[in-house]
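Shown next, in structure tokens, is the structure this report addresses.
The values are calculated or read from the model by the stated rules, or taken from the named source; none is laboratory data. Nothing here was measured: the structure is a model prediction, and the numbers come from that model. Reconstructed Cβ throughout: ideal geometry from the backbone, glycine too, with neighbour counts over all protein chains shown. Ligands, DNA and RNA are stripped out before the accessible areas are found, and what is left, the full protein with its side chains, is counted by its heavy atoms. Shrake-Rupley method; radii C 1.70, N 1.55, O 1.52, S 1.80 Å.
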Amino acid sequence: MSLLTIGTLAFDSIETPHGKADMVIGGSCTYISHSASYFTNNINLSAIVGGDFPQEEIKALEDKGVNMEGLQIKSDGKTFFWAGKYHEDMNQRDTLVTDLNVLDDFDPQLPESYKSSEYVMLGNLTPDIQNSVLDQLDGSQKLVAMDTMNFWIDIALDSLKKAIARVDILTINDEEARMLTGEYSLVNAAAKIHKMGPKFLVIKKGEHGCLLFNEGNMFFAPAMPLAQVFDPTGAGDTFAGGFMGYLAKTDDISFDNMKKAIVYGSAMASFCVEEFSIDRLKTLDQDQIDKRFEAFRMLMAF
Ligand code: AMP
């Protein structure tokens, strides 16, 4: 099945307790698409970059079977830029800079062939753009998921709530779920988010794993305990790419299959954090993914 991915292609500058990386490749759509490409080669990408974005990164996605017809290149513009700094506790990070640059003028026009994508992953992006993409879909979708972050809760809450009301799944981290609902208990936060629209909710808790809620049903998957988390940037997006990629591959949106998708997503995220940027996501193979999935099974079985 086809998967539409939308979000940012970006430059990131990252500082973690283990080192610094300046102007490396990042962006929600980059992580989602690389991750999902291990499950399906029927990915339709929609994003915008400036003339400064490296051609070889566009080619790297193309080589993974990602359809780039929906990529806009604004040759006189600058690519979205984000800088962040992680604390010793890497679940905590500060955003230092968010430069929207070309994202400010992004008005995605989905190619005709994208409009009937069965699965849709709206990555972290301006909620107005997420709404515009939802307006262009032909309504035949099997599952539409969206991600967001505190930045948009702060500056675009009305538009964000409008988008949330239109999707089947919201993926969000624990702090943002609390911010969005005013509820400290994640169970109460989940109940409020269900009332906002989504039937499914994934609450990501960084190194403490993630929770899947579906109107009364609940599932928990831990994160893989790792000796060293090098750079957590993109873990949430990589999770979302693995999760939606697996669902698009298996074309089964039952709660039981979603549990497996959650574990595949968590396995992909556990690779992402092992190196800076998308470096680890570029070198994976199916055998490594299957072994990590099995390691999760062992971790969770009792
Ligand atoms: P994550 O660690 O999964 O939250 O994703 C981090 C990635 O999201 C980075 O590579 C950033 O380029 C990108 N990013 C950061 N802030 C935003 C934002 N406000 N909107 C869209 N993408 C963002």
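Brief remarks on what is shown
- Evaluation of Tyr31 against (1) of a type in the set (Phe, Trp, Tyr); (2) over 20 Å from Gly236 (Cα atoms); (3) within 16 Å of the ligand (Cβ to nearest atom) (one fails), failing number: (2)
- Those helices (runs of 4 or more DSSP H) of segment 145-184 in which at least 3 residues are more than 10 Å from the ligand (Cβ to nearest atom), considering only elements entirely within it, cover 157-164, 174-181.
- Considering segment 1-38, the residues that are of a type in the set (Ser, Thr, Tyr) and over 18 Å from the mean Cα position of the chain (by Cα) include one that is modelled with the lowest pLDDT, namely Thr16.
- Residue, nearest to Glu57 (Cα to Cα), within segment 16-28, restricted to residues that are in a strand (DSSP E or B) and open to solvent by 60 Å² or more (accessible area, probe 1.4 Å): Met23
- Just one of (1) touching a residue at least 60 places away in the same chain (Cβ under 8 Å); (2) more than 16 Å from the ligand (Cβ to nearest atom); (3) in contact with a Phe, Trp or Tyr (Cβ under 6 Å, 6 or more places away or on another chain) fails for Ala221. It is (3).
Residues are listed down the side, and each one gets a yes or a no for (1) within 15 Å of the chain's Cα centre (by Cα); (2) among the aromatic types (Phe, Trp, Tyr):
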{"site": "Tyr114", "(1), (2)": "no, yes"}
{"site": "Gly123", "(1), (2)": "yes, no"}
{"site": "Thr126", "(1), (2)": "yes, no"}
{"site": "Gln130", "(1), (2)": "yes, no"}
{"site": "Gly139", "(1), (2)": "no, no"}
{"site": "Asp147", "(1), (2)": "yes, no"}
{"site": "Ser159", "(1), (2)": "no, no"}
{"site": "Leu170", "(1), (2)": "yes, no"}
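- Qualifying residue in segment 220-227 (condition: more than 24 Å from Val66 (Cα to Cα), touching a His at 6+ places or on another chain (Cβ under 9 Å), assigned to a loop (DSSP other than H, G, I, E, B) and not acidic (Asp, Glu)): yes
- Some residue of segment 39-52 being within 10 Å of the ligand (Cβ to nearest atom), more than 12 Å from the chain's Cα centre (by Cα), among the charged types (D, E, K, R) and not in a helix (DSSP H, G or I): no
- Residues that are in a strand (DSSP E or B) and within 29 Å of Gly19 (Cα to Cα) within segment 63-82 comprise Phe80, Phe81, Trp82, listed in sequence order.
- Unmet requirement for Leu284, which otherwise passes all of (1) touching a residue at least 60 places away in the same chain (Cβ under 8 Å); (2) within 16 Å of the ligand (Cβ to nearest atom); (3) assigned to a loop (DSSP other than H, G, I, E, B): (2)
- Of all the listed residues (Ala248, Ala267), the sole one being out of contact with any strand residue (DSSP E or B) (no Cβ under 6 Å at 6 or more places or on another chain), aliphatic (A, V, I, L, M) and on the phi < 0 side of the Ramachandran plot is Ala267.
- Matching residues in segment 83-112 - criterion: being within 24 Å of Ser13 (Cα to Cα), away from the ligand (no atom under 12 Å from the Cβ) and assigned to a loop (DSSP other than H, G, I, E, B): His87, Glu88, Asp89, Gln92
- Residue list for segment 35-63, restricted to those being among the small types (Gly, Ala, Ser), open to solvent by less than 20 Å² (accessible area, probe 1.4 Å) and closer than 19 Å to Pro108 by Cα: Ser46, Ala47, Gly50
- A search for C-beta distances below 6 Å between a residue of segment 186-206 that is on the phi > 0 side of the Ramachandran plot and any residue that is crowded, with 17+ Cβ neighbours inside 10 Å and modelled with pLDDT of 95 or more, counting only pairs 6+ apart in sequence or on different chains, returns Gly197/Ile164.
- Residue check, Glu57 within 16 Å of the ligand (Cβ to nearest atom), of a type in the set (Asp, Glu) and in a helix (DSSP H, G or I): yes
- Residue match in segment 230-247 (condition: open to solvent by 30 Å² or more (accessible area, probe 1.4 Å) and touching a Lys or Arg at 6+ places or on another chain (Cβ under 8 Å)): no
- Residues that are of a type in the set (Val, Ile, Thr) and assigned to a helix (DSSP H, G or I), drawn from segment 247-281: Thr250, Ile262, Val263
- Members of segment 113-127 that are away from the ligand (no atom under 12 Å from the Cβ) and either assigned to a loop (DSSP other than H, G, I, E, B) or farther than 21 Å from Leu160 by Cα (or both): Ser113, Tyr114, Lys115, Ser116, Ser117, Glu118
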